[in-house]
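The values are calculated or read from the model by the stated rules, or taken from the named source; none is laboratory data. These figures come from a predicted structure and were not determined experimentally. For neighbour counting, all protein chains shown are included, and Cβ atoms are generated from backbone atoms with ideal geometry for every residue, glycine included.
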Amino acid sequence: MFYNLPKTIADLPETLPIFPLTGAVLLPRCKLPLNIFEPRYLNMVFDSLCNGERMIGMIQPMPSGHTDGPLETYRIGCAGRITAFEETNDGRVLINLTGLCRFRIVEELPLVRGYRRIKTDWLPFATDLIQIQDATISGEEVMRVLAPFFEAHHLRAEWSSLERIAGSDLIDVLAMNLPFPPEDKQALLEATDTAARFTILRQIATLYAARDIDQATDTRH
């Protein structure tokens, strides 16, 4: 069965199931693999598949010291469509979410079969549904800026293949996958556009690269 992708925010649902997960952010047109095993989130996946929309909202919990009650979340997340689905013999479900559009939480709704739902505001992120390439940023420039971070963290990268990815796409892929703290990933998610996300990415990577180099220097003295 084929599904039409939403073209405007009018095509997006007013309510959305959410999956709060620390350190996991999704950006439009990027893919996020997930291993689902908790009963409430299995319910969420199966309900999403059955209702025809196949959409789940990824959102991060706020840093908190308490464990009682539902976790407070950030107000902004990103909705994705289930574009791949596989059941395992041990009862887990492996899915791929493809990012569609970011959202702001208007209010939280009552639980359904154990999982959380929200009322959404898509309007601030309507341009997420339009694929805009920032031709002023190249993949080579992105990798040049991030080279010190990769080296400080001993991260292996296929430099030549990454440099061939369009700068806008590469920024989003790295924003999702580099090992940054949750609050930094949230800042990248909330950036207004690619240029702003690249500025934040550069600042974060430069900060952590310099700190790690300083720490390595201290240990040698």
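Restricting attention to region 131-173 and to residues that are closer than 23 Å to T98 by Cα and touching a Pro at 6+ places or on another chain (Cβ under 9 Å), the residue that is surrounded by the most Cβ atoms within 10 Å (Cβ to Cβ) turns out to be D172.
So, in region 1-28, exactly how many residues are modelled with pLDDT of 90 or more, polar (S, T, N, Q) and in a loop (DSSP other than H, G, I, E, B)?
Just the residues of region 1-28 that are modelled with pLDDT of 90 or more, to begin with: 8-28.
Within this subset, residues satisfying the condition of being polar (S, T, N, Q) are 8, 15, 22.
Imposing the further condition that a residue be in a loop (DSSP other than H, G, I, E, B) reduces the set to 8, 22.
Counting residues in region 1-28 that are modelled with pLDDT of 90 or more, polar (S, T, N, Q) and in a loop (DSSP other than H, G, I, E, B) gives 2.
Scanning region 25-35 for residues that are of a type outside the set (D, E, K, R) and either crowded, with 17+ Cβ neighbours inside 10 Å or under 23 Å from Q133 (Cα atoms) (or both) yields V25, L26, L27, P28, C30, L32, L34.
Every listed requirement among (1) touching a Leu at 6+ places or on another chain (Cβ under 6 Å); (2) modelled with pLDDT of 95 or more is met by V45 save one, (1).
Just one of the numbered conditions (1) over 24 Å from P182 (Cβ atoms); (2) assigned to a helix (DSSP H, G or I) is not true of D90: (2).
Criterion applied to E53, E86, E38 was being loosely packed, with under 12 Cβ neighbours inside 10 Å, out of contact with any helix residue (DSSP H, G or I) (no Cβ under 7 Å at 6 or more places or on another chain) and farther than 24 Å from I171 by Cβ, and the one residue passing it is E86. Of the listed requirements (1) within 14 Å of the chain's Cα centre (by Cα); (2) assigned by TED's automatic domain parsing to the domain that holds L16; (3) of a type in the set (G, A, S), A84 misses just one: (1). Filter region 67-83 down to the residues that are surrounded by 14 or more Cβ atoms within 10 Å (Cβ to Cβ) and part of a strand (DSSP E or B) and list them by number. Of everything in region 67-83, those that are surrounded by 14 or more Cβ atoms within 10 Å (Cβ to Cβ) and part of a strand (DSSP E or B) turn out to be T73, I76, G77, C78, A79, G80, R81, I82.
Kindly indicate whether any position in region 191-205 is surrounded by fewer than 13 Cβ atoms within 10 Å (Cβ to Cβ), farther than 26 Å from G80 by Cβ and out of contact with any Phe, Trp or Tyr (no Cβ under 7 Å at 6 or more places or on another chain). Taking every residue of region 191-205 in turn, at least one turns out to be surrounded by fewer than 13 Cβ atoms within 10 Å (Cβ to Cβ), farther than 26 Å from G80 by Cβ and out of contact with any Phe, Trp or Tyr (no Cβ under 7 Å at 6 or more places or on another chain).
I'd like the full set of residues that are closer than 18 Å to P70 by Cα and either surrounded by 15 or more Cβ atoms within 10 Å (Cβ to Cβ) or not assigned by TED's automatic domain parsing to the domain that holds M62 (or both), limited to region 1-23.
The first filter runs over region 1-23 and keeps only residues closer than 18 Å to P70 by Cα, leaving 16-23.
Selection gives L16, P17, I18, F19, P20, L21.
Restricting attention to region 97-128, the residues that are assigned to a loop (DSSP other than H, G, I, E, B) and over 18 Å from the mean Cα position of the chain (by Cα) total 2.
Scanning region 97-151 for residues that are farther than 15 Å from E14 by Cβ and of a type in the set (D, E) returns D128, D134, E140, E141, E151. Quick check on region 188-200: of everything there that is assigned to a helix (DSSP H, G or I) and in contact with a helix residue (DSSP H, G or I) (Cβ under 6 Å, 6 or more places away or on another chain), which residue is modelled with the lowest pLDDT? Checking each candidate, the answer is T194.
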